[in-house]
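The values are calculated or read from the model by the stated rules, or taken from the named source; none is laboratory data. What you see is a predicted model, and the numbers here were worked out from it, not measured in a lab. Cβ: placed from backbone, ideal geometry, glycine included. Neighbour counts: every protein chain shown. These accessible areas exclude ligands, DNA and RNA; they are computed on the full protein's heavy atoms, side chains included. Shrake-Rupley method; radii C 1.70, N 1.55, O 1.52, S 1.80 Å.
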Amino acid sequence: MNDPKSYDGLSGLVLFVGFYEGAMPFVAKLWDGKPLLALPTRLPGPAWWIVSSAVLVAGFLLLWWIDAAKKRRFPDA
């Protein structure tokens, strides 16, 4: 990762996956929808919200870690 844009791209990917696999299942369950790529919606009972919550927490922590790594590598960016 030689430029700040690499970190931005990685954090964008983590944000997209975190939203689609973490927050989207909660929204989809409200309207009885099944988004194609939201895999936790296909899990039964309480397992889907445990997995979705874990994805949200992991995504938040990864975004925080990527931002800290970017600031360490490029302090002026």
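Taken about its Cα centre, the chain carries a charge dipole of roughly 100 debye when the Cβ of each Lys and Arg holds +1 and the Cβ of each Asp and Glu holds -1. Here the chain has an Rg and Dmax of 15.1, 47 Å, counting Cα atoms alone.
Computing the accessible area with a 1.4 Å probe over protein heavy atoms, can you report the carbon and sulfur percentage for the range 20-77?
Values: 3040 of 4130 Å².
Reported share for carbon and sulfur atoms: 74 percent.
At 0.36 nm per residue, minus the direct Cα-Cα distance, what do PHE19 and ARG73 gain on full extension? Give it in nm, one decimal, please.
Values: separation 54, 0.36 × 54 = 19.44 nm, distance 2.64 nm.
The PHE19-ARG73 span can extend by a further 16.8 nm.
Tell me what the chain gives for mean residue ellipticity at 222 nm when only DSSP H runs of n ≥ 4 count, each as -39,500 (n - 2.57), the sum divided by the residue total, rounded to 500 deg cm²/dmol. Kindly include the intermediate steps, with their values, before the conclusion.
On the way: 3 runs with 49 residues, N = 77.
Per the formula, -21000 deg cm²/dmol.
Place a point 7 Å from the Cα of ASP8 along the Cα-to-Cβ direction; which residues of the range 58-77 have their backbone N under 15 Å from it? Flagged as within label range: 67, 70-71, 74-77.
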